1. Name the residue, out of Val403, Val397, that is closer than 16 Å to Ser237 by Cα and in a helix (DSSP H, G or I).
2. Can you name the residue in segment 191-227 that is over 13 Å from the mean Cα position of the chain (by Cα) and assigned to a strand (DSSP E or B) and is also modelled with the highest pLDDT among such residues?
3. Can you name the condition, by its number, that Trp380 falls short on among (1) in contact (Cβ under 8 Å) with a residue 12 or more places away in the chain; (2) farther than 21 Å from Asn216 by Cβ; (3) not acidic (Asp, Glu)?
4. Scan segment 167-184 and give yes if some residue there is touching a strand residue (DSSP E or B) at 6+ places or on another chain (Cβ under 6 Å), of a type outside the set (A, V, I, L, M, F, W, C), farther than 24 Å from Pro411 by Cα and assigned to a helix (DSSP H, G or I), otherwise no.
5. Going by the conditions given, is Arg280 in contact with a Lys or Arg (Cβ under 9 Å, 6 or more places away or on another chain), modelled with pLDDT of 90 or more and farther than 16 Å from Ser394 by Cβ?
6. Residues of segment 106-157 being among the basic types (Lys, Arg), more than 27 Å from Glu290 (Cα to Cα) and surrounded by 14 or more Cβ atoms within 10 Å (Cβ to Cβ), which ones?
7. If I ask for residues that are assigned to a strand (DSSP E or B) and out of contact with any strand residue (DSSP E or B) (no Cβ under 6 Å at 6 or more places or on another chain), which ones from segment 228-258 would you list?
8. For segment 307-321, which positions are aliphatic (A, V, I, L, M) and out of contact with any Phe, Trp or Tyr (no Cβ under 6 Å at 6 or more places or on another chain)?
Amino acid sequence: MTAVWQCQGVTSTSAVGAVRQGSLRELNLAVVLGQIAAAARPPSRADLATDTGLTRATVSAVVDDLIGGRLVSEAAPAPRSGAGRPARGLVLADHGPAGLGLEVNVDYLAACVVDLAGTVRHHVVHRADLRPVSPADALARLAALAAGARAAADREGLVLAGATLAVPGLVDAHGLVRLAPNLGWRDVDVPGLLADRLRIDPVPGVPPLVVDNEANLAALGELHAGPPGAPSFLHISGEVGIGAGIVLNGSLFRGARGWSGEIGHVPVRPDGRPCRCGGRGCLERYAGQEAILTAAGLTGTDLPADTATTTLAGLATEGDQAALTALHDAGTALGVAVSAVVNLLDLDTVVLGGGYATLAPWLRPAILTELSRRVLTAPWAQVTVRPAALGPRSAAVGGAGSVVRAVIARPVGWLARSG
């Protein structure tokens, strides 16, 4: 039977062939590029034909398209002892599309550029207390950082394919920040305030701006940059506020409405200190950055915000008792909250990100103590607690990485834009 496509009263069998041909090309491009991205070593064209089941002629044509579109480069051939010319391997290009990662947090703004291979090519942090600042002003400052990141990308031959912004709060599917309690934001239309300022030419299949919770993006960054073999983990971002990203079987768990991971507002002392969220005894009132610094006696000093965590770590290294006690107490509070999550979800790994990555040597013992006391399966199934591979950069880098992964998943969109 001949397939027929009808549109606006016109019947065309050739149109069906064109659609099928275009869909097949799109699929082949994605399969081959995905194989190159996932390979442990640069595969040759022959390797790709074997691994994908495509013909060598098809692979060769697809690879030529990917090279022409600056998505793939040829690597130097590996030495070989046998006869014949050595095959050239293929790697993701370092001079084509890139992702822009942005972050707004309580006391800093950040911007970074990540290339197709996941290498961070630019990263900058601007320290400032943003609580007295309006959302429009904060995002205007962020746009200035983004402009600097764009200029850095241009100098290295990179083209921004999209941007992802990390925000410490509840974000809906349209990028509206419903609530960011530590910033004082409520119902802020971030795309409306920021998207036009970024000046990113659209790439089919890649949103020009995505807004997401910073802990979720940090968890995604850790998933792709962290050590292999940990498909399920809890990533805790420790800043002024505390957020968590939950990865289950290699996928980010967002919850029914996309708002999972608010571990900072889990009560560890139900009748404890009042919190900005309106509750009492929330975890971040005992283990957030400001709570730890206050307990260590560092609040009210002239200590610059960008050195607070490293200064605290230095004091702990020197054996300062106030610093050690503050970190122990924070670790205990974290252990109480984390134990509940581990009991509920049966996770085997906890990743300490944000400022916690630097403080992990002093937080970890108290967390492990609480896990051993409170996790039902602890006697025969220990939980690993480790610092994040990306450290404080996790959210911005994770956001930028999500952009380039979107390009890899649908390279035909980038080729259509750049063709």
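1. Numbers: Val403 fails: closer than 16 Å to Ser237 by Cα.
Val397 is the lone residue from the list that is closer than 16 Å to Ser237 by Cα and in a helix (DSSP H, G or I).
2. At the first step, the residues of segment 191-227 found to be over 13 Å from the mean Cα position of the chain (by Cα) are 191-209, 227.
Now restrict to residues that are assigned to a strand (DSSP E or B): 203, 206, 209.
Values: Val203: 90, Val206: 91, Leu209: 96.
Here the answer is Leu209.
3. Of everything listed in (1) in contact (Cβ under 8 Å) with a residue 12 or more places away in the chain; (2) farther than 21 Å from Asn216 by Cβ; (3) not acidic (Asp, Glu), Trp380 misses just condition (1).
4. There is no residue in segment 167-184 that is touching a strand residue (DSSP E or B) at 6+ places or on another chain (Cβ under 6 Å), of a type outside the set (A, V, I, L, M, F, W, C), farther than 24 Å from Pro411 by Cα and assigned to a helix (DSSP H, G or I).
5. Yes.
6. Within segment 106-157, Arg121, Arg150 meet the criteria.
7. Our first condition is that a residue be assigned to a strand (DSSP E or B); within segment 228-258, this holds for 233-238, 242-248, 251-253.
Ile242, Leu248, Ser251, Leu252, listed by residue number.
8. Taking segment 307-321 as the starting set, the residues that turn out to be aliphatic (A, V, I, L, M) are 308, 312-313, 315-316.
Once the filter is applied, which keeps residues that are aliphatic (A, V, I, L, M) and out of contact with any Phe, Trp or Tyr (no Cβ under 6 Å at 6 or more places or on another chain), segment 307-321 yields Ala308, Leu312, Ala313, Leu315.
The values are calculated or read from the model by the stated rules, or taken from the named source; none is laboratory data. Just so you know, these numbers come straight off a predicted model, no measurement behind them. No Cβ is skipped: glycine too gets one built from the backbone with ideal geometry, and neighbour counts run over all protein chains shown.
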